[in-house]
Structures are given as C-alpha cells and as structure tokens.
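Below: the structure, in structure tokens.
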Amino acid sequence: MLEINNLHAKIEDKDILKGINLNVKAGEVHAIMGPNGSGKSTLASVIAGREDYEVSEGSILLNNEDLEELAPEERAHKGVFLSFQYPIEIPGVTVTNFIKTAINESRKANGLDELPAKEMLQKIREKAELLDIDRKFLSRSLNEGFSGGEKKRNEIFQMAMLEPKLSILDETDSGLDIDALKVVANGVNKLKSQDNAVVLITHYQRLLEYIVPDYVHVLHDGKIVKSGGKELALELEAKGYDWLK
Amino acid sequence: MELKEKLVASFLAFENKVSVDTDSNVHDIRSNAFDHFEQHGFPSKKDEEWKYTSLKSILKHDYNVFPEGESAIEFATVKKYFLHEIDSYKIVFIDGVYSSFLSETSHDGYDICLLSAALKQPKYKTVVDHFFNTIAAKKSSITSLNTAFSKEGAYIHIPKSTVVPKPIQIIHFSTGNEAELLLQPRNLIVVGENSHVQIIERHQSLSGNVVLTNSVTEIFANKNSIIDYYKIQNDEKSASLIDNTYVQQKQHSHVSVNTFSFGGNLTRNNLEFFQEGEYIDSTLNGISIIGDKQLVDNHTLVMHKHPNCESHELYKGIYFDKSTGVFNGKVIVEKEAQKTNAFQQNNNILIDDGATINAKPQLEIFADDVKCSHGCTIGQLDSDALFYMRSRGIPKKEANGLLLYAFANDALEKIKIPELKTRITKLIAKKLGVDLGFDL
Ligand SMILES: Nc1ncnc2c1ncn2[C@@H]1O[C@H](COP(=O)(O)OP(=O)(O)OP(=O)(O)O)[C@@H](O)[C@H]1O
Ligand SMILES: [Mg+2]
C-alpha cells in the first residue's frame, strides 16, 4: 500500500528526514515511535503532501503510484488521511459542513455523485455513535474551543467518515483520557480491514495495547534506526531511546 | 473645464430651476453649502481625512452634472438588483430621475416617497425644516457639494409607534446614456418613537460608462426606535461612490448600518453616528471584498455624548490583487458619557502581495468609567488551516474560499433579513470564486 524509499526531506535548508525506508501493506498496523524532534510529524506531513517541505531525494508510492506531484487534496482523494497532532481550529465552519464538503469533494474527484443528504446524515449519525460523539458537537465550529481530547476524537470521527485507505494517526492518543482512549482505539479497530492500513505515531506503549501493531519502528534523527514486532514497544518503554543512538 | 469650475458655473442655473421651494430654508442651506464648497473645493491627499484616498483620477472626467433624460428600463433587466424574493417598498431612480414605474411608494400611515416632493409640498415643511441638513457635516466640502445640489433622493418619514411591515429598497440606477455622469442623491429618513424600519440601499450602474455618485443620507432615530440599514456596494468597475451617511439617535434607540463593499472603482464611506440620549445602541458592520485596483475606504465616527450607551463596530476586509483598503474608525467618548461600552474591531486579510490596507483606529476617551476596546489585525490566510483542509480532500481554491468565508462570517451574522443574508452570502461566495457545496 505505502512504500517509502530513501526519503529525504528538508525545510528551509534544514535536513529533517535523512533516508527513510518504510513498507506498509494493506491490512497492517505500523507504529512509529521515537524521541521528540526526531521527525515523526514531518514524515506524516510529507506523506500527506505538505508543500512547505522539500523532498530532496527518494520517493513515496501509494499503491504503486508516485505521490510526488500530487497536491494534498489529491492524495486525500486517493485515500491518504492524516490525523493531526495539533488539529486546527476553523471558526465559522461547522463540523458537519466541513465533513460534508470533504466527502463530496473526494467523491467528485473520484467520479462519483454527491452523497445524497439522507445517506450523509445516516452516516454522520452512525459514525458519531461509534465514537460516542454528542450530536450537538457536530454543529459547532470545527475544533473551535474543543478540548484537546475532543479535537482528537473529532479527528477520528473524520477518519471514520472519509474511510481512507491509509491512515496516519499522529499522537492521537495524547490528550485523551483513559475512557476516551478506549473509545477511539475501539473506533480505529472497527474501521480496520484487510484493505486499509494504519500508521500510528505515538510515544506510549499504552495505545498499542488497544491497537496492536504488526510492526514497530523507531525514528531517530530522521532515520528509522530499528524495526521490530510489537514487543519492541515494550522494550522502548523500559529502556528509553538511548541504547539505539 | 475642471469639475469644480463646472459645478460652480452651473449652480445658479440649478437654483433657478429648483426655486419652487424657496419658502423653506432649503434655499439658504444650499447657498451656504455652495459657498463652502466653492471655498474649499474637493478634498485632496493633503487633507488628513483623505490621506490614503485620492479623488484625482475620478475628478478628471467631464461629468454631466444635470442629467435630464428620463430613461425607462424594463424591470426584467434589473430585477436581479432588487431583493425580489420578498415584498418591499421601492424608491428607484434612473440617472438621478425618479422612476415611478419601478417604484412602490406609500403615503398610507407613513411617507415613503421622494425628497423632491417633500421639498415642494407645504405639508412636509415642518419635517424638512426641522431635520434637513441638521446633522450632515458642515465642514466636509464633499457633503457641502451634495447639499448645494440637493433636490432628489428618498424621503422616508415614519410616525411614532409604527412598524413598517416590509423593507424599503432605495436603488439608484445609471444607464450609461451619459458618457460620464455625476449623481448626487440626497436621502432624508426620520423614524418616530417606538417605530421600526429596515432599509436597503444600492447604487447600480448598468453600463461600463463612468459614474460618480456623491450621496448624502441623514437618518434620525427617535426614542426607542429601531433602524436596520444595509448598503450593498457591488457596482461596476467604472462606478465610484462617495457615501456620506449621518445618523442621529435618541434615547433607547437601536440603529445598525451594514456596509457590504464588493465592487466599484473607488468607494468611500463616511459614516457618522451621533448619540443624543442615554441607553442608545449603535452598530456599524462592514465587509469589504475587493480585487484588481479597487479601493474601499471606510471612515467612521461614533460620538458618545451621554451615559450608558453602547457602540459595536466590526469591519472585515479581504483584499486581492492590487486593491487597497482604508479603515479609519474614530470613537469619541465625551466626559459626560460615563458607563459607555464601545467596541471596535477591524480585521483584514491581504491575499496578494500587491494589496494594501491602511488601518487607523482612533479612540478619544474623556470619561473615566467606560469599557472600550479596539483591535486591528492584518494577516494572511493561515497556511496550517489551509493544509489541514486540503489534507481532508478540500481543494485549495475551495479551502481558501471556506477560510475567507469563515473570516467574514461574524459580520454576516448581523443581517436581520434572511433573504438578504442569503443573497449576500451568495455574493460573497461568488466574489471568493467558490462553490461552497452546502447552504450557508
Ligand atoms: N517548519 C519548520 N521549520 C523549522 N524546523 C522545523 C519545522 N518543522 C519541523 N522542524 C524541525 O524538524 C524536527 C522534527 O520535527 P517533528 O515535528 O517532525 O518531530 P516529532 O518527531 O514529530 O516530535 P514530537 O515527538 O515532539 O512531536 C524538529 O527539530 C523541528 O524543530
Ligand atoms: Mg510530532
């Protein structure tokens, strides 16, 4: 599904990603861990197509298609979804209107008609329920005044609505209380299938107890310095990152 | 001939023509105003209040200053400029001349008619003498110019305890029959105690010919009255507008003036509120969305003279291309005006490198127990927000539009006529070049 080869990226002449190789197959869950500032969010942004970063070397393939020339929205239309570490507040646009627009734009790009209003409502209701989101919430301005946890839950709600092929969840667990973490993890697991893949960026082993990864990678100074199975996360929890440097 | 000379030369002829109304004060008022204009001429950039807005390029035209030709237009061709979705009164002018065909006036319980009629007929004399030219600025030469040549415009007089059941639309069309046309409409609006009225005003050119409109409106809000005033400024690129609006409010009255500036070549709004009583609420809202080399200049003044009053001012501006915005918001709180709440907010987004905004809030507070706040921001579109929206599949153009719409939104919220709100929303969406994909 996702194939990253020797990816180098920089911003304002500062090298941040220094040769990343990653291969994520449909049906898999990968976790990426690593110290602050190691480049995890940068990697997520580069996959999603943020133009501020310059890809100086290497390639990102999604289902064998090179993403290099594609705008962020085009990547989204092809099934890439990024749950932001820090979701952005958009005053004046309600959650419902935002997600409706996003869904219909994707459908349009994929040659489909707009989702009929009734089906849209039905879907919104269903996914809000899955993530235990109060309907009143959906008529509020997107993320405006949402608590940290509410923002994260709302990101997963959007993911549920958009049904992406590749979901990158950047520290979705931070800011969530224990109950919310369970709800969100349960939501992610329900959405998981053999046709999609999830990349989890996290600092904590706790999330991985709920969403069990097939692989764990350690990112350090812009490179993946170690990969392993889910037990690697436990080892990191116990030993920290120093032994890998 | 310079425009000033031309106007000066034609004043006598003008006075002769309209001299039927000489038994009112109006003749003297015109003469005095004329003297003032003759002495001072048009404002130049040396004038502090006109520092960023040069009239030079629009004054160089050879304007016809007395359009005579009565021309008719089919309703169908101009329907779209009316808020035709709802029933309304209409006072319509074509090239400065009243069009009875397109209008729908009233003398039933209130007067919604023409200033020219009010100036001529004795039964209106008391109102005219009591209000006409009493609050229009005496020191503004551009207002004096209008006063000197004032003869036509809307006359609205609502007696006390009357709710006008439908909005009043004042529309000035220019047909392009004149190659270069100067229009000077003059509106007088008097609203009695406990009365309520909604007014929509629009200036619309129907051709690409040059038009300059120098409009003066005086609005009097009596005790407990409510006036909602909407100005739609979405004219052709060849049309310029200088709008001078003066509002006097008595105790417990609520007046809001909402200015939507999306078009035209040069648009200058002088909007002044004078509070003459306690517990008055004054609201000034504006949204400017312009591009090319357009200019919109909002000069506002709120005079707080008495205790326990409020003013709420919110102006938003979005500037594309090489357009220019000017905001000058003066709020004066006099010594007696204790417990004043005065809020002013001016937010601007510059989209393109060539766009500029000159913003100047001016608060002069002489009372000590007041709540005043003002904020002024100038920014670009938030690139994090843009990326966020695009990463969810919303294309750049739509994401831009949505963000800009969201930015302007709180000034839209104040529109109290739902059909008008829908119209303005659509105009904004069109202006921003987006199909927002859902009903706003
Ligand atoms: N726009 C930018 N300008 C300059 N430096 C940047 C920019 N964005 C990221 N960086 C730098 O790149 C490095 C990697 O940042 P990134 O956000 O990817 O780290 P991270 O692994 O996600 O960290 P954390 O665990 O704290 O979220 C950091 O040193 C950061 O300061
Ligand atoms: Mg990060």
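Read the figures in this text as sums done on the coordinates, not as results from a lab. Remember, predicted model here, so these are calculated numbers, not experimental data. When we count neighbours, we look across all protein chains shown, and the Cβ atoms used for this are built from the backbone with ideal geometry, even at glycine.
Quick notes on this one:
- Compactness of chain A was expressed as the Cα radius of gyration divided by 2.2 N^0.38 Å, which yields 0.99.
- Amide H within-cut-off set for A:ILE16, under 5 Å, with H built and near neighbours excluded: A:ALA9, A:LYS10, A:ILE11
- Taken one residue at a time, the phi angles of segment A:166-174 give Karplus couplings (6.51, -1.76, 1.60, θ = phi - 60°) of 10, 10, 10, 10, 8, 6, 5, 6, 6 Hz. Gly and Pro are set to x.
- Candidates per trypsin sites (Lys or Arg not before Pro) in segment B:159-213, loop by DSSP, up to 16 other Cβ within 10 Å: B:LYS160
- ³J(HN,Hα) computed for each position of segment B:200-213 - Karplus, 6.51 cos²θ - 1.76 cosθ + 1.60, integer Hz, glycine/proline x: 10, 10, 8, 10, 9, 8, 9, 8, x, 6, 6, 9, 10, 10
- Chain A - mean residue ellipticity at 222 nm from DSSP helices (-39,500 (n - 2.57) per run, n ≥ 4, rounded to 500): -11000 deg cm²/dmol
- Distance from the C-alpha centroid of segment B:361-404 to that of segment B:140-217: 33 Å, rounded to the whole angstrom.
- Between A:LYS136 and B:ASN16, the C-beta separation translates, for a Förster distance of 51 Å, into a calculated FRET efficiency of about 0.15.
- Pairwise label distance in nanometres, B:PHE66 with B:ASP292, each label 7 Å out on the Cα-Cβ vector: 3.2
- Phi-based couplings in Hz for segment A:223-236 (Karplus 6.51, -1.76, 1.60; Gly and Pro marked x): 9, 7, 9, 7, 10, x, x, 5, 5, 4, 4, 5, 4, 5
- Distance between the modelled labels on B:ASP47 and A:ASN186, one decimal in nanometres: 7.1 nm (7 Å Cα→Cβ projection).
- Structural size metrics of the protein assembly as shown, computed from C-alpha coordinates, are Rg and Dmax of 31.0, 101 Å.
- Each Lys or Arg adds one and each Asp or Glu takes one away; over the other residues whose Cβ falls under 15 Å from the Cβ of B:TYR388, this sums to -4.
- In this structure, the amide hydrogen of B:LYS90, modeled 1.01 Å from its nitrogen in the peptide plane, lies closer than 5 angstrom to those of B:GLU104, B:THR105, B:GLN169, counting only residues at least 5 positions away or on a different chain.
- Counting Lys and Arg as +1 and Asp and Glu as -1 over every other residue whose Cβ lies under 11 Å from the Cβ of B:LYS250, the net charge comes to -2.
- In the structure shown, the pairs B:LYS223/B:LYS431; B:LYS79/B:LYS421; B:LYS139/B:LYS166; A:LYS108/B:LYS414; A:LYS108/B:LYS80 are assessed against 27 Å; a Cα-Cα span above that value is assigned to B:LYS223/B:LYS431; B:LYS139/B:LYS166; A:LYS108/B:LYS414; A:LYS108/B:LYS80.
- For the pair A:GLU57 and B:SER106, label points projected 7 Å from Cα toward Cβ lie 7.8 nm apart.
- Ascending count of other beta-carbon atoms within 10 Å, so fewest first, for B:SER140, B:SER57: B:SER57, B:SER140
- By the helix-only formula, in which each DSSP H run with n ≥ 4 contributes -39500 (n - 2.57) and the sum is divided by residues, chain B has a 222 nm mean residue ellipticity of -6500 deg cm²/dmol.
- Peptides A:100-106, B:28-34, A:233-239, A:63-69 ranked from most to least packed, by the mean per-residue count of other Cβ atoms within 10 Å: A:100-106, B:28-34, A:233-239, A:63-69.
- For A:LYS239, a cut-off of 24 angstrom between C-alpha atoms picks up these lysines, skipping any fewer than 8 places away in its own chain: A:LYS40, A:LYS223, A:LYS226, A:LYS230.
- The mean of 1/r over all distinct Cα pairs in segment A:94-236, once inverted, gives the Kirkwood hydrodynamic radius of 16.5 Å.
- Remark: mean inter-chain Cβ contacts per residue of A:101-114 equal 3, using a 10 Å Cβ-Cβ cutoff to other protein chain atoms.
- Whole-number D in µm² s⁻¹ for segment B:383-440, Kirkwood Cα-pair radius fed into Stokes-Einstein, 4 °C, 1.567 mPa s: 109
- Viscosity 0.890 mPa s, 25 °C: Kirkwood-radius Stokes-Einstein D of chain B over Cα pairs, µm²/s: 110
- For a straight C-alpha distance cut-off of 23 angstrom, the lysines reachable from B:LYS60 (same-chain residues fewer than eight places away being disregarded) are B:LYS4, B:LYS6, B:LYS45, B:LYS46, B:LYS51, B:LYS237, B:LYS293, B:LYS322.
- Taking amide H positions as modeled 1.01 Å from N, with prolines and chain starts lacking one, the residues under 5 Å from B:ASN187 and 5 or more places away or on another chain are B:ALA154, B:VAL216, B:THR217, B:GLU218.
- Comparing A:MET159, A:MET120, A:MET33 in a Gaussian network model of chain A where C-alpha atoms under 10 Å apart are linked, the largest mean-square fluctuation is found at A:MET120.
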